[in-house]
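The next block holds one structure in the form of structure tokens; read it before the comments.
The values are calculated or read from the model by the stated rules, or taken from the named source; none is laboratory data. Note that the coordinates shown come from a computational prediction; the quantities given were computed from them, not determined experimentally. Here Cβ is always computed from backbone atoms with ideal geometry, including for glycine, and neighbour counts include all displayed protein chains.
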Amino acid sequence: MRIDIATLFPQMCDTVMSESIIGRARKKELFELHCHQIRDYTLNKQKQVDDYPYGGGCGMVMNAQPIYDCCMEIIRQNQEQGRPRPHIIFMTAAGQPYSQQKAKELAQKDNLLLVCGHYEGIDERVIEELADEEISIGDYVLTGGELAALVVADSVLRLQEGVLSDPEGYQEESHWNGLLEYPQYTRPEVWNGKAVPQILLSGHHANIQAWRQQQAQQRTQTRRPDLWEKYPKENLETSKKKK
Ligand code: ADE
């Protein structure tokens, strides 16, 4: 897979993507990631990338031209590698809400181009011209799209083969199958007067699985009734089944 990020802060994105699990996988060349400076594509001497909004209002709006030219160069580079035109996503607070389901869908693509806005917004015409979709990572407003693009890149890249040491790890975690994850414990057996649930020490795999499934269901029901409502109830683990 190849991911390109078009941004006014390529160093910020590059630094985050060079650390920890994603950084190690990048070094191993399990995927390609490239960060591009939109400002390099301005045509004016001042390298200005934004201007006042038509119709007035506060803040500045990013110009269409440098974003367009930057994306066209990225598309060309992808095609030069024999890849298809990348799936182009604009990170905006007005986009569709991001989810694990969306991460799984994007993880199937060969190449993605994530475009980060800044200031008060992006000239709508370049979004219309290029975007396959607009994504929001939540109902709050960030100062720019970079953190959102990094969230999307991280959640998609960790699903690529070889990135996680234990591929089964992500099959049981929160949101993978529509439930929140069950509680986890590690040594010591008693900490601060609190003991680990006895069943986890039993070595009885089937009972442990059933307990975990029940915990996941209970948590989802109380913490996230919105997710619980969507969960297919034929999958329910009941205490009756356990016996
Ligand atoms: N840019 C500003 N806020 C954002 C959000 N919530 N999601 C994606 N991009 C954004």
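Is it the case that residue 93 is under 22 Å from residue 19 (Cα atoms) and within 10 Å of the ligand (Cβ to nearest atom)? Please lay out each step first, then the result.
Details: under 22 Å from residue 19 (Cα atoms): no; within 10 Å of the ligand (Cβ to nearest atom): yes.
Spelling it out, it is not the case that residue 93 is under 22 Å from residue 19 (Cα atoms) and within 10 Å of the ligand (Cβ to nearest atom).
So residue 168 passes all but one of these: (1) surrounded by 14 or more Cβ atoms within 10 Å (Cβ to Cβ); (2) under 30 Å from residue 135 (Cβ atoms). Which condition number does it fail?
(1)
Residues in region 52-64 that are surrounded by fewer than 17 Cβ atoms within 10 Å (Cβ to Cβ) and either closer than 23 Å to residue 147 by Cα or in contact (Cβ under 8 Å) with a residue 24 or more places away in the chain (or both): how many?
Filtering region 52-64 for residues surrounded by fewer than 17 Cβ atoms within 10 Å (Cβ to Cβ) gives 52-60.
Checking the rest, the ones that are also either closer than 23 Å to residue 147 by Cα or in contact (Cβ under 8 Å) with a residue 24 or more places away in the chain (or both) come to 53, 57-60.
So the answer is 5.
Among the residues that make up region 171-193, is at least one of them in a helix (DSSP H, G or I), of a type in the set (Ser, Thr, Tyr) and under 14 Å from residue 100 (Cα atoms)?
No, region 171-193 contains no residue that is in a helix (DSSP H, G or I), of a type in the set (Ser, Thr, Tyr) and under 14 Å from residue 100 (Cα atoms).
Looking at (1) outside any helix (DSSP H, G or I); (2) of a type in the set (Phe, Trp, Tyr); (3) touching a residue at least 40 places away in the same chain (Cβ under 8 Å), which is the only condition residue 68 fails?
Every condition holds for residue 68 apart from (1).
Looking only at helices (runs of 4 or more DSSP H) that lie completely in region 88-160, which have at least 1 residues being of a type in the set (D, E, K, R) and within 10 Å of the chain's Cα centre (by Cα)?
In region 88-160, 100-107, 146-157 are the helices (runs of 4 or more DSSP H) which contain 1 or more residues that are of a type in the set (D, E, K, R) and within 10 Å of the chain's Cα centre (by Cα).
Only one residue in 113, 159, 130, 150 is touching a helix residue (DSSP H, G or I) at 6+ places or on another chain (Cβ under 6 Å), more than 29 Å from residue 64 (Cβ to Cβ) and hydrophobic (A, V, I, L, M, F, W, C). Which one?
That would be 159, the only listed residue that is touching a helix residue (DSSP H, G or I) at 6+ places or on another chain (Cβ under 6 Å), more than 29 Å from residue 64 (Cβ to Cβ) and hydrophobic (A, V, I, L, M, F, W, C).
May I ask you to list pairs of residues, at least six apart or on different chains, whose Cβ atoms are under 7 Å apart, with the first in region 136-151 being closer than 11 Å to residue 92 by Cβ and at pLDDT 95 or above and the second being near the ligand (Cβ under 6 Å from one of its atoms) and part of a helix (DSSP H, G or I)?
137/148; 142/148
Table: residues versus (1) on the phi < 0 side of the Ramachandran plot; (2) within 16 Å of the ligand (Cβ to nearest atom).
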| position | (1), (2) |
| --- | --- |
| 145 | yes, yes |
| 156 | yes, yes |
| 165 | yes, no |
| 174 | yes, no |
| 178 | no, no |
| 209 | yes, no |
